[in-house]
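Heads up, the thing below is written out as C-alpha cells.
Each reported figure results from applying straightforward, stated rules to the coordinates on display, with no laboratory input. Here the structure is a predicted model, which is why all the values come from computation and not from measurement. Heads up, the Cβs are rebuilt from the backbone with ideal geometry, glycines too, and the neighbour counts pull from every protein chain shown.
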Amino acid sequence: MNSPKTPTTPQKRTGGRSARVRDAVVAAAVDELTHKGIDQFSISSVARAADVHETSIYRRWGSRQGLVAEALHAAHATATPIPDTGSLIADLQQVLISVRDLMQSPMGRAFTMLAVSMQPGQEFYETLKGMWRHRLAALESIFAKAVERGEWDGAIAARPRIDALFGAVNWRVSMTKDDATDAYIAEMVALYCRDGLLIPAAAPAQAKVARRRAA
C-alpha cells in the first residue's frame, strides 16, 4: 500500500515579472531624471520607456514622489554601494572613490543639480532629504562596524568626519574642478580619521583601494 503523499506548501515566487517590471521602471526613472531633470520628470515618459501602463506605476509607487524616491535610492545604492572590507580606512576610501566617480558622470551631475536646486516647500524637497537621511545612516554604519571591531573610538562622532570627507570631494569635483585623485582621497581619510583610530592605519600611499569603474 502506498503511503499518502505529504502535502507540500506552495513556494512563494521570487523575482518573476513583478521584479522585471520594477527594475525596468526604476531604470527608466533614473534615465528620465538624468536627462530631463526633476522639472520635466514625467510618469507617462517613464511608462513608455519601461513599456508598462501608467496605472501600474501609480498602483505600485503611488505618486511621482514615490517613484523619484526609489529611483534616487536605487541609483545611489548601485553607483556608491556601502563597502565592508573589514577596515574603516579602506571602506571610506572605497566609498569616496565611488562617490567621486558618480559625481563626474552625467547621472551624478544631474543629481548634484537637483540637490542644489531644491528648497524647503518644493515638491521633492522632503523626498531628497529622506534619501540623504537613508544614505547617512548607511555611511554611519561603516563607523559603527569599526567600533565593533575595536578599530574606532565610539566616543568620536562619525557625522563630522562624513561631512568633512564628502565636502572635500565635492569641493574638488564641483567647485575648484581639481582632480580628486585616489591619493588625495586617501590623504583626506587619514587626516580626518586619525583622532579616532584605535588601530594604526597604513600610510595613504600604501593603502589599497578597490576602484569601481564603469566598463
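Derived scalar couplings between HN and Hα for segment 180-195 equal 8, 5, 4, 5, 4, 4, 4, 5, 5, 4, 4, 5, 7, 10, 5, 6 Hz in order, rounded to whole Hz, by the Karplus curve 6.51 cos²θ - 1.76 cosθ + 1.60 (θ = phi - 60°), x for Gly and Pro.
Spacing of the modelled spin labels on D179 and S42, each 7 Å from Cα toward Cβ, amounts to 4.2 nm.
I need the shape label for segment 31-71. Rule: rounded when a/c is under 1.5, else prolate if a/b > b/c, else oblate, with a, b, c from the alpha carbon gyration tensor. Verdict is oblate for segment 31-71.
Full extension of the segment from A157 to H134, taken as 0.36 nm per residue of separation minus the current Cα-Cα distance, would add 6.5 nm. Shape class for segment 80-206: oblate, because the ratio a/c of the largest to smallest gyration tensor axis (alpha-carbon atoms, square roots of eigenvalues) is 1.5 or more and b/c is at least a/b. A Förster radius of 41 Å, combined with the Cβ-Cβ distance separating N170 from A49, puts the computed FRET efficiency at roughly 0.85. Given all pairs of different Cα atoms, what value in angstroms does the Kirkwood hydrodynamic radius of segment 57-118 take? Kirkwood hydrodynamic radius for segment 57-118: 13.1 Å. Note on T85 and R17: with the Förster distance fixed at 41 Å, the Cβ-Cβ geometry gives a FRET efficiency of about 0.70.
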